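What follows is a single structure, written as C-alpha cells, with notes after it.
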Amino acid sequence: MSNHKRVAVIVSSDSGFRGEREDLSGPEIARIMEANGYTIVSATILPDEREQLAQAMADIADQGLADLILTTGGTGFSPRDCMPEATSDVIQRAVPGIPEAMRAYSMQVTKRAMLTRAAAGIRNRTLIINLPGSPKAVRECLEYIVEPLEHGLEILTGEASNCART
C-alpha cells in the first residue's frame, strides 16, 4: 500500500457531538475513500467550536498521523459554522483550487453550492480539505476530486518527484 493513503475524518456538528443526530457524512467519506484504496486512521465528531476543531487538525498533522484530513460540516452561513476559519488557523499554505473545483462542479447540481465557504490547505505534510455537511454533497464533491487528489498527495508526501504527466 502507498504510504500517502492515510485519512482522518473530522465531523463538525453540535447535534452529532451531543448524540442528537446520527452523522451520515463521516461514514460516507470513509466508504468512498476506502473504495479508493485509502485507510481511515481516525473518525471524530466534534462540536462547532473553532479552537477545538483547529486543535484536532493541528494534532493530526503535527504528529504525522494522516496524509489527508477530510472534514464535513461547519462550512455554511450558520453563526456556529466555523470549519473554514478553524482550517485557516492551522494551515501553512492554502490550496484554493480544491474548494474552487468542488464549488464549480457542485454548481452544476445546485446553485446553492455557491454558499459553501469550504477551504483547503496544507500543514506540514498533511492536506486538509473541508467538505460540505450533507452526505449527498459529500459524495458529489469527493467523487469529483478523489482522482486528482491522489497525485497531489504523492507530491506532498514525496512519492512523486514532479508534476510531469506520464
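The values are calculated or read from the model by the stated rules, or taken from the named source; none is laboratory data. All of these numbers come straight from a predicted model, not from anything done at the bench. For neighbour counting, all protein chains shown are included, and Cβ atoms are generated from backbone atoms with ideal geometry for every residue, glycine included. Ligands, DNA and RNA are stripped out before the accessible areas are found, and what is left, the full protein with its side chains, is counted by its heavy atoms. Shrake-Rupley method; radii C 1.70, N 1.55, O 1.52, S 1.80 Å.
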Checklist line | Charge dipole (debye, nearest 20) of region 1-145; +1 at Cβ of Lys and Arg, -1 at Cβ of Asp and Glu | finding: 420
Item checked: Cβ-defined net charge surrounding Gln92, 13 Å radius [Lys, Arg +1; Asp, Glu -1] -> +1
Item checked: region 68-153: projected area of the alpha-carbon convex hull, averaged over directions, in nm² -> 5.1
Item checked: Prolate/oblate/rounded label for region 119-163 (Cα gyration tensor, a/c 1.5) -> oblate
Check: Per residue, how many Å² of accessible area does region 63-166 show with a 1.4 Å probe?
Finding: 52
Next item on the list: Calculate what fraction, in whole %, of the accessible area of region 85-158 sits on carbon and sulfur atoms when a 1.4 Å probe is rolled over the protein chains.
Entry: 54
Next item on the list: Report, by chain and number, residues whose modeled amide H sits under 5 Å from the one on Arg123, excluding near sequence neighbours (fewer than 5 apart, same chain).
Entry: Gln92, Ile128
Item checked: Mean projection area, nm², convex hull over Cα of region 14-166 -> 9.1
Check: Once you list every other residue whose beta carbon is under 12 Å from the beta carbon of Ile155, what net charge do they have if Lys and Arg are +1 and Asp and Glu are -1?
Finding: -3
Next item on the list: Can you pull the one-decimal nm distance between simple spin-label points at Glu143 and Ala160, each 7 Å off the Cα toward Cβ?
Entry: 2.3
Next item on the list: Would you kindly derive the ³J(HN,Hα) couplings of region 64-72 from the backbone phi angles with the Karplus curve 6.51 cos²θ - 1.76 cosθ + 1.60 (θ = phi - 60°), listing them in order in whole Hz, with x for Gly and Pro?
Entry: x, 7, 8, 8, 9, 10, 10, 10, 9
Margin query: Spelling out what I want: for every residue of region 73-79, take phi, set θ = phi - 60°, compute 6.51 cos²θ - 1.76 cosθ + 1.60 (Karplus), and round to whole Hz; glycine and proline get x.
Written below: x, x, 10, x, 9, 4, x
Note to self: I'd like the antiparallel share, as a percent to the nearest 5, of DSSP beta bridges with both residues in the chain.
What the structure shows: 25
Next item on the list: As a check on your grasp of the helix formula, calculate [θ] at 222 nm for the chain: sum -39500 (n - 2.57) over DSSP H runs of n ≥ 4, divide by the residue count, round to the nearest 500.
Entry: -12500 deg cm²/dmol
Notebook entry, point to check: Leu142: net charge of surrounding residues, Cβ under 12 Å, Lys/Arg +1, Asp/Glu -1, itself excluded?
Noted result: -2
Item checked: Cα Rg over Rh - region 1-103, Kirkwood -> 0.95
